[in-house]
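Chemist: Have a look at the structure that comes next, please.
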């Protein structure tokens with residue numbers, strides 16, 4: 001469980017609040033609009049009405065006590081920049097700020113943000129990957145250049161084992177789990193026989209996984 005501060009309760013901030021709460025975290029929210037605070041009160045440990053561009057407001061929050069501080073302001077970049085900078089000056093441990101463009105991200109990183117999130121871009125990328133191929137069911141970006149894909153096996157894999165396919169060397173990817181009707185099998189051994197209707201969770205570099213996906217489309 002972590003203690004989380006969320007500043008700005010637009011669509012992204014609100015969804016983030018609910019999900020973090022569902023995962024068992026202690027969440028505090030802050031916004032200037034009382035109407036945005038009220039629906040989220042059941043999900044949070046504390047809520048505050050205030051303008052976080054004012055240093056006195058941020059000081060009253062005790063930002064250094066939170067494990068993570070999210071700046072989720074999307075309509076006023078100047079405010080987002082000011083709040084990000086002040087959070088770091090006041091001792092915030094980890095500041096994650098929302099950006100919609102790369103130029104915003106550069107300024108936020110220069111002014112105190114530890115990490116940047118691009119909600120719209122990230123969702124668009126995930127949708128593009130998932131819906132551009134019939135055999136991709138889900139996609140998770142782990143870090144720059146590495147991802148996990150949930151895919152179905154190629155037809156020619158059916159009846160063969162992971163070892164027979166020399167999967168790791170041939171496709172430069174690892175199978176970390178296999179989902180079947182009987183449940184989830186993690187870290188399958190090389191003697192696993194592909195049936196053809198299971199789902200594979202594979203991890204690797206994006207460039208290698210994209211090559212595999214292109215082969216699967218043929």
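Read-outs: derived from the displayed coordinates by stated rules, not from any lab. Since the structure is predicted, the reported quantities are computational estimates derived from the model, not experimental observations. Note that each Cβ is placed from the backbone with ideal geometry, even for glycine, and that neighbours are counted across all protein chains shown.
Chemist: Just order 85-98, 162-175 by mean Cβ neighbour count inside 10 Å, highest at the front, would you? Working shown, then result.
Modeler: Values: 85-98: 20.3, 162-175: 15.6.
Result, highest mean first: 85-98, 162-175.
Chemist: Just rank 53, 189, 84, fewest to most, by other beta-carbon atoms within 10 angstrom.
Modeler: Sorted ascending by nearby Cβ count, the order is 189, 53, 84.
Chemist: Oh, and also: What do you get for the angle between helix 206-217 and the principal long axis of the chain? Use alpha-carbon atoms, 0 to 90 degrees, nearest ten.
Modeler: 50
Chemist: Further question: Please compute the Kirkwood hydrodynamic radius over the chain, one decimal place, Å, based on all pairs of different Cα atoms.
Modeler: Working: mean 1/r = 0.0505 Å⁻¹.
Kirkwood radius, the chain: 19.8 Å.
Chemist: So for the range 3-117, what are the equivalent ellipsoid semi-axes in whole Å, largest first, each being the square root of 5 times an eigenvalue of the Cα gyration tensor? Present the calculation step by step, with values, prior to reporting the outcome.
Modeler: Working: eigenvalues 80, 44, 37 Å².
Taking √(5λ) for each Cα gyration eigenvalue gives 20, 15, 14 Å.
Chemist: Summing -39500 (n - 2.57) over the DSSP H runs of n ≥ 4 in the chain and dividing by its residue number, what mean residue ellipticity at 222 nm do you reach, to the nearest 500 deg cm²/dmol? Intermediate values should be presented prior to the final figure.
Modeler: Values: 9 runs with 79 residues, N = 218.
It comes out at -10000 deg cm²/dmol, rounded to the nearest 500.
Chemist: Report the rotationally averaged projected area of the range 101-213 based on its alpha-carbon convex hull, in square nanometres.
Modeler: Working: hull surface 33.6 nm².
In nm², the orientation-averaged hull projection of the range 101-213 is 8.4.
Chemist: Over all directions, what mean area does the Cα convex hull of the range 153-218 project, stated in square nanometres? Could the numbers behind the result be given before it?
Modeler: Numbers: hull surface 16.7 nm².
The orientation-averaged projected area of the Cα hull of the range 153-218 comes to 4.2 nm².
Chemist: If you don't mind, another one. Roughly what angle does helix 77-89 make with the longest principal axis of the chain, taking Cα atoms, 0 to 90 degrees, to the nearest 10?
Modeler: 80
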